[in-house]
Structures are given as structure tokens and as C-alpha cells.
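Asks: What follows is a structure written as C-alpha cells; I'll ask about it next.
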Amino acid sequence: METDRPSEKELLRGWREDPGSSAILTDIDGTLAPIAPTPDAARVPGEIRELLERLSRRYLLVAGISGRKTEEARELIGLDGVVYFGNHGFEKLVDGRVEIIPEARPYLERVRELEEMARRELGPLGAFVEEKGITASVHYRNVPREVGERCVDFVRREGERLGLRVTVGRGVVEARPPVRADKGTAVRALVEEYRPRRALFMGDDTTDLDAFRELERLREEGLLEEMLRVGVASEEGPPGIVAEADLTVEGVEGVADVLRELASP
Ligand SMILES: [Mg+2]
């Protein structure tokens, strides 16, 4: 059915006509890479990688923003011309070097201290302490329940003693610096650094809504002239992604269409 909503082509016109002042910011898993049975099995399709490579040569900025470790985000996309933000917005990879955001740096030693203690105390019980840099993650999915409880208690007590923020997920307890870092702060940092006239963000999940909302604030503040929120619809995705998007596409295939349009002369 025809509606009077602007078409994809119209919405992307500003980007195509002025790539030197335009930024393309994107989530990775579920947006560029189809969701796989395990995170290790996720891959960015060759066609998408080729399109991103062309875009990174032509546009002011192409950036991948992910909850994964920054090096993993880099491996998934596999391109040097792309800027990477990883670890929930705490880290950025520029020219092969991982940089922790300045506000979080003072906490690195404390996170390391917690990791070391957890490895000593909880490792022998079967918990897995993931090397994640500026955030500490203790996984206890495959251990008896009492061990899991002990992991949570331990990280909570020691994390709080060290002034870290502790969160409990499914089978994992994490400690991180008590500063705001998410995909929204990552978007803001990139816009402040690269100063594009317009920026778009593509994402499929709840944490991507932080990026959508920050784009809107940046435009309200006048830091961006134009912004576009591209929601990637999927069966498991949260309804907010479609509700808050200016343009909705279907899965990774729909993202490929957007990239093709952005890359067309
Ligand atoms: Mg995603």
C-alpha cells in the first residue's frame, strides 16, 4: 500500500549527496551479522563487508558500535577504514589501538584487581573470569547454584569496596566503572570528534535505543543538522526499535539495501 511516508531513497539523499560531511554508525550483531547459534559463529556477509569498505573510503566516518570486546568487533567487520567502539561504549579502537574512554581510565587498576581476586577465589570453583579490559565479567552458567551465588556475593562485595558498579545478568556478574557508557555515549563521542553534519545509526536491539535517543539530542542541540534512526526489525527484537525508528528495514538483508543505496553514485 502506498503511504506518504518518505522513501528510503529520499531519507538517505543527504548522506549520498554529501558523503564528506556524513557519518554512518552501526550496531554489528543482528544488524550487519545475522544472529548465530553462538556469538563465535557470527559472520558479516562478504557483500556487506565490501559495501562498508566502499563507504569507508567515501564517507567522513563509518563506525561499528558493539557490546562485544572491541577486538572482536574489529575481527567481525575486518576493515581498517572503520572506527570501532566496543565493550558497551567503554572502548574505542583507532588505528589498531584500543583506547578506554577518559572518564573510565582511573578505574582500570581496580577492575584488574577485582579480576585477579575473582580468578584466585572463584576460578577453582569452576567460574570463568573473562578478560574484558575495563569491565570484569565472571561467568557461572555451568557451575552448581551455590557456586553461582558465591560468585555474585563475591563480585558484589569486592566490586562495591572498589567503587565499581555491579550488575547481575543471566549466568554472569559484571563490575564496571561507575560512569555512563553505552551506545549513546559512543555516538556522542564520535559526533563530537568527527563533526559530521548528519549521522545515521542502524540497530536491532534494546541497547541501540540509547544511540537513537542520543542522535535526537544531538540534533536538538544543533550538533547535527540531520539524523536518521534505522531500525532493523526481527522476530526477537524489542518493539521500541521499530517504534523509535525513522526507517525500518527487515533484517540484515534490509541493512544491505540501505548500504547499497548509500554506496550508489
Ligand atoms: Mg545487535
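Asks: What is the spin-label model distance, in nm, from Glu47 to Glu131 if the labels are put 7 Å beyond Cα along the C-beta direction?
Replies: If labels sit at Glu47 and Glu131, their model points lie 3.7 nm apart.
Asks: Work out the length of the dipole vector of segment 105-176 about its Cα centre, built from +1 on the beta-carbon of each Lys and Arg and -1 on the beta-carbon of each Asp and Glu, and round it to the nearest 20 debye.
Replies: On the way: 15 positive and 13 negative charges, 40 e Å.
Computed about the Cα centre, the dipole is about 200 debye.
Asks: Further question on the same structure: Work out the FRET efficiency for Arg156 and Arg5 from their Cβ-Cβ distance, taking R0 = 41 Å, and round it to the nearest 0.05. Don't skip to the end; give the middle numbers.
Replies: Numbers: r = 48 Å, r/R0 = 1.17.
The pair Arg156/Arg5 has a calculated efficiency of 0.30.
Asks: Now a separate question. How much FRET efficiency would the formula 1/(1 + (r/R0)^6) give for Glu225 and Arg180, where r is the Cβ-Cβ distance and R0 is 35 Å, rounded to 0.05?
Replies: Details: r = 26 Å, r/R0 = 0.73.
Once the sixth-power term is evaluated, E becomes 0.85.
Asks: Same structure, new question: Taking 0.36 nm per residue of separation and subtracting the Cα-Cα distance, what length does fully extending Arg170 through Arg197 add? Could the numbers behind the result be given before it?
Replies: Numbers: separation 27, 0.36 × 27 = 9.72 nm, distance 3.99 nm.
Result: 5.7 nm gained on full extension.
Asks: Still on this model: Which of the chymotrypsin sites (Phe, Trp or Tyr not before Pro) found in segment 68-112 are in a DSSP loop and have at most 13 neighbouring Cβ atoms, other than their own, within 10 Å?
Replies: Values: sites: Tyr84, Phe85, Phe90, Tyr107; in loops: Phe90.
Qualifying residues, ordered by number: none.
Asks: Hey, another quick one. Identify which of Met227, Met202, Met117 has the largest mean-square fluctuation in a Gaussian network model of the chain, with springs joining Cα atoms closer than 10 Å.
Replies: Evaluated over the chain, the most mobile residue of the options is Met117.
Asks: Still on this structure, I have one more. For the modelled label position 7 Å from the Cα of Val147 along Cα-to-Cβ, which residues of segment 160-194 have backbone nitrogen atoms closer than 15 Å?
Replies: Of the residues in segment 160-194, 171-173 have backbone N under 15 Å from the label point off Val147.
Asks: Sticking with this structure for a sec: Once you keep just the Cα pairs under 8 angstrom separated by 6 or more residues, what percentage relative contact order results for the chain? Working shown, then result.
Replies: Details: 497 pairs, mean separation 51.8, N = 265.
Relative contact order comes out at 20 percent.
Asks: Please check: in the Gaussian network model of the chain (C-alpha springs, under 10 Å), which one of Glu146, Glu131, Glu53 has the largest mean-square fluctuation.
Replies: Greatest mean-square fluctuation among the candidates belongs to Glu146.
Asks: To the nearest 20 debye, what charge dipole does the chain have about its Cα centre, counting +1 at the Cβ of each Lys and Arg and -1 at the Cβ of each Asp and Glu? Don't skip to the end; give the middle numbers.
Replies: Working: 40 positive and 54 negative charges, 158 e Å.
Its charge dipole is roughly 760 debye.
Asks: How big is the charge dipole of segment 167-265 about its Cα centre, in debye rounded to the nearest 20, if each Lys and Arg gets +1 on its Cβ and each Asp and Glu gets -1 on its Cβ?
Replies: Working: 13 positive and 22 negative charges, 90 e Å.
Approximately 420 debye in magnitude.
Asks: If you don't mind, there's one more thing I want to ask. With just the Cα atoms defining each centre, how far is segment 1-60 from segment 136-186? Give it in Å.
Replies: 33 Å
Asks: Test of understanding: extend the Cα→C-beta vector of Asp40 to 7 Å, then name every residue of segment 114-136 with backbone N under 16 Å from that spot.
Replies: 128-131
Asks: Using 18 Å as the cut-off for backbone N distance, which residues of segment 166-197 belong to the label zone defined by a point 7 Å from the Cα of Glu113 along Cα→Cβ?
Replies: 166, 175-179
Asks: Here is a follow-up. Among Thr167, Thr31, Thr135, whose mean-square fluctuation peaks in a Gaussian network model of the chain (Cα, cutoff 10 Å)?
Replies: Checking each option, the largest mean-square fluctuation is seen for Thr167.
Each value in this text was obtained by applying a stated rule to the coordinates, not by laboratory testing. Predicted model only: the values in this text are computed from it and were never measured. So basically every Cβ, Gly included, is an ideal-geometry build from the backbone, and we count neighbours across all protein chains shown.
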